[in-house]
Amino acid sequence: MTDRELVQAAEAASRNAYAPYSEFMVGAAALLRDGRVVTGVNVENAAYPLGVCAERVALSRAAAEGTRPGEIEAVGITASPCGGCRQWLAEWAVDRVAFLHEGELLVRRPDELLPDSFVL
Ligand code: THU
């Protein structure tokens, strides 16, 4: 699957976003090394800070299915990842992050998105 196809999977997923407050629908799609694709959407809440980003939903779904850091080849997103999601993408050691930014498909490594990131 190409990075563009992965972002298209994220776009398809974004139709299921639950974003009644911001009305900003986000989709994410994680390509696992075994070929599976796990999607996520942003899920908002009336208590605004409790909402979750699409990327973290996709990574959490992958985790729930037994995936561990290093086992995700790429993540496609319909928007530029927020700072918190950049930390998650670093933790999950994905090879590539592909996302739409100002109409352009950008492909970055996590360390380009978050240099010198916090690790334990
Ligand atoms: N959002 C994401 O899902 N991922 C990001 O990386 C950026 C922001 C969501 C959170 C909120 O539901 C909406 O976009 C507007 O900020």
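The values are calculated or read from the model by the stated rules, or taken from the named source; none is laboratory data. Just so you know, these numbers come straight off a predicted model, no measurement behind them. Glycine also receives a Cβ, built like all others from the backbone with ideal geometry; neighbour counts cover every protein chain displayed. Protein only, heavy atoms only, side chains kept; ligands, DNA and RNA dropped before computing areas. Shrake-Rupley method; radii C 1.70, N 1.55, O 1.52, S 1.80 Å.
A few points about this structure:
- Of the residues in the range 67-82, at least one is farther than 17 Å from A12 by Cα, within 13 Å of the ligand (Cβ to nearest atom) and in contact with a helix residue (DSSP H, G or I) (Cβ under 9 Å, 6 or more places away or on another chain).
- The requirement of being within 9 Å of the ligand (Cβ to nearest atom) and among the acidic types (D, E) is fulfilled somewhere in the range 23-31, by at least one residue.
- Hits in the range 95-120 - residues which are part of a helix (DSSP H, G or I) and open to solvent by 50 Å² or more (accessible area, probe 1.4 Å): D111, E112
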